[in-house]
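Quick note: the coordinates plus some simple rules give every number you see, no bench work behind them. Please read these numbers as outputs of a predicted model, since none were measured by experiment. Glycine also receives a Cβ, built like all others from the backbone with ideal geometry; neighbour counts cover every protein chain displayed.
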Amino acid sequence: MSEGWISRGLQLLVAVAIIALLAGHLLGQPVLLGYVETGSMEPTLEPGDGFVAVPSVVASDPEPGDVVVFDAQEIEGGGLTTHRIVDERPDGYVTQGDANPFTDQDGGEPPVQHAQIVATAAQPTGSVLTIPALGTVVMAINALFEGIQTWMASALGLQSAQGTTGAAYVLLGISLAAYAIETVRERRQQAHESRLGRDSEEVLDPKLLCGAFALMVMVAALGAMVVPAGSHSYDVVSAQSPSDRPLVIEQGETERIDYPVGNSGFVPVLVGLEGGDGVAVEDERLALEQRGSAETVVAITAPAETGAYQRYVTEYRYLYVLPSPVIGGLASINPWLPVLVITGLMGGVTYGIGRLLIGDTPAQRRSKTGRRDTHAQRSDYNQW
């Protein structure tokens, strides 16, 4: 294997890692790579260690022994937590940090539901596949993004630049700037070499440039669809008698609750809603214009047995770039299928436009005399 292929392979790995980190920042959850900030998982994961994370949409059902990333309700005020599943009960999973003397549920965290799990740590040999110091890199990237967002919000008066949705706009802007700078640099380099007739190294292939830009657009599109989506939980109490509190429901009875949705972006979206056990949604699909909002009703039925329960409404977001029947048909197969199709479509369109704008001919190599190496040119042509 030539050094050129090895170098390209390493560059590809670095690019995948960077894209995964950026996507994780946009989505607010691990995408291929995750990390821990505390020592609750020592010695498996030290503070700042990273790990390979498999998103729950493609991972197999978790089981005891797996290390998972879940959206905690009570641990440190709520938020993503990486702990190990130590037991599975009818009411959910029991989790515990490897360094903790007691389970999360003994500490007040409700049993973890399947809908709360966003990723599973890869354990190809029975132990977690770790990446030392990855967390430091991620936190540096987060600080950079937050600094750019804060500057845009204060200096340019763009309040929409704040938050995770604003991060998608920041990333897209950086991508456009990088694309423009690289295109100008490449054209100037080619013109300079043409005038001087000097021997030159291979210029960045336009296909790679367009592909990188398309990938960045795909990450931004993915963030715009996945960041606002997710599961909304309701802490329901099934009681023996009626109550004025909306989520304290008489056993076997149904309570109707308003469910508002909004679109803070500039692209119309189609919102899909799916109720869990004991939950029905009046409108399963809502179209929102840019900066628009809508409202539907969620009907929650209390179980026959008294007690506290968690109920979920899962929300999916799709950029409205395909007809509603097409998105609905894809969603009937799998709710995440439209996300993949739309992301791929936007990446493909971006790639095609980029190829039209910067051309289709790769840089030609020159011999030491300043003339074109026609033999190499013919070889490239035959390979193409």
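Scan region 44-152 for chymotrypsin sites (Phe, Trp or Tyr not before Pro) in coil per DSSP, keeping those whose Cβ has at most 10 other Cβ atoms within 10 Å, and list them by number.
Of the chymotrypsin sites (Phe, Trp or Tyr not before Pro), the ones in loops of region 44-152 whose Cβ has at most 10 other Cβ atoms within 10 Å are Phe102.
Take the Cβ atoms of Asp91 and Glu42, set R0 to 25 Å, and the FRET efficiency comes out at 0.30. Values of log10 I(q)/I(0) for region 219-325 across q = 0.11, 0.18 Å⁻¹ run -0.40, -0.83, by the Debye formula with one identical scatterer at each alpha carbon and no solvent.
Model label points for Arg245 and Ala287, set 7 angstrom from Cα along the Cα-to-Cβ axis, are 4.1 nm apart.
Taking label points 7 Å from Cα along the Cα-to-Cβ direction, Leu357 and Ala304 give a separation of 6.3 nm.
Among His232, His83, which comes first, second and so on when ranked by fewest other beta-carbon atoms within 10 Å?
Working: His232 13, His83 25.
Going from least to most buried by this count: His232, His83.
Counting every other Cβ atom within 10 Å of each residue's Cβ, Thr81, Thr38 order from fewest to most as Thr38, Thr81.
What is the extension gain from Asp106 to Leu144, computed as 0.36 nm multiplied by their sequence separation minus the C-alpha to C-alpha distance, in nm to one decimal?
9.9 nm
Checking every one of the trypsin sites (Lys or Arg not before Pro) in region 244-345 against DSSP loop status and a limit of 16 other Cβ atoms within 10 Å picks out Arg291. Shown here for region 209-258: GluC sites (Glu not before Pro) in loop regions (DSSP other than H, G, I, E, B) with at most 12 other Cβ atoms within 10 Å, namely Glu253. Listing Thr306, Thr120, Thr314 from fewest to most neighbouring C-beta atoms within 10 Å gives Thr306, Thr314, Thr120.
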